[in-house]
Amino acid sequence: MAEITAAMVKKLRDQSGVGMMDCKKALQETDGDFDKALEVLRKKGMAKAAKRAGREANEGVITSYIHPGNKLGVLVEVNTETDFVANTDDISEFSRNVAMHIAASSPLAVSREELDKESLEKERAILKDQALQSGKPENIVEKIVDGRLEKYYGEVVLMEQPYVKDPDKTIKDYLTETIAKVGENVTIRRFARFRIGE
């Protein structure tokens, strides 16, 4: 069995943001393999985050971001379970990053459920018409439309958009990581995006 040094534990803690004892256990569990230990911690963090997701988040912060040039601005409300966590650097950084992401990516809604149903039906009709006009057989048109709608959600739903600072993960992934880091439920409740002339 590999010797687990304090330096190894500190390195894992610095990279994962998880407590020292959990880092030490993860390293022991993986016989000192740093990458495997990091993966173990991520899986545990995601599981803990999923458990926290049902808890009420009634505290929080409203963060603003004004793009250089003062022609574009965003307000975003991020909720937490406690006022204590709402005022941490982690939540401050998260909410600012989300506000900057909204400025760059122009989402229409936080989640699919918040999208306007009428607009969604129009989009579906347009996609169906396009698929039919391209000569696709009727029996696969619905699958094509569903696939294109999934792509549309990824473009206009905040939680499903690739995070601008790390396109390998979505905003939902970033939120889940933040929940695991701060130890309580966090939600993005709403946002408003303002552009001069719009």
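Tabulated values for the structure
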item	result
Burial order of peptide ranges 98-106, 27-35 (average beta-carbon count within 10 Å, highest first)	98-106, 27-35
Relative packing of 137-147, 180-190, which averages over residues the other C-beta atoms within 10 Å, highest first	180-190, 137-147
Taking the chain and dividing mean pair separation by its residue count, relative contact order in percent (alpha carbons under 8 Å, at least six apart)	26 percent
Alpha carbon Rg of segment 116-156, scaled by the compact-globule rule 2.2 N^0.38 Å	1.13
Charge dipole magnitude, Cβ of K and R +1, D and E -1 - the chain, Cα centre, debye nearest 20	120 debye
Exposure proxy ranking, count of Cβ atoms within 10 Å, fewest first, for 84, 94	84, 94
Sequence of 3, 59 once ranked by neighbouring C-beta atoms within 10 Å, starting from the fewest	3, 59
Overall Cα dimensions of the chain, principal axis frame, Å, largest first	66, 44, 33
Selection from 126, 139, 154, by position along the positive dipole direction of segment 116-156 (Cβ)	139
Extension gain from residue 139 to residue 192, taking 0.36 nm per residue of separation minus the Cα-Cα distance	15.1 nm
Check: segment 116-156 dipole with +1 on Lys, Arg Cβ and -1 on Asp, Glu Cβ, in debye	140 debye
Packing-based ranking, highest mean first, of 124-131, 65-72 given that Cβ atoms within 10 Å are counted	124-131, 65-72
Estimated [θ] at 222 nm from DSSP helical runs (n ≥ 4, -39500 (n - 2.57)) normalised by residues in the chain, nearest 500	-17500 deg cm²/dmol
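Quick note: the coordinates plus some simple rules give every number you see, no bench work behind them. Please read these numbers as outputs of a predicted model, since none were measured by experiment. So basically every Cβ, Gly included, is an ideal-geometry build from the backbone, and we count neighbours across all protein chains shown.
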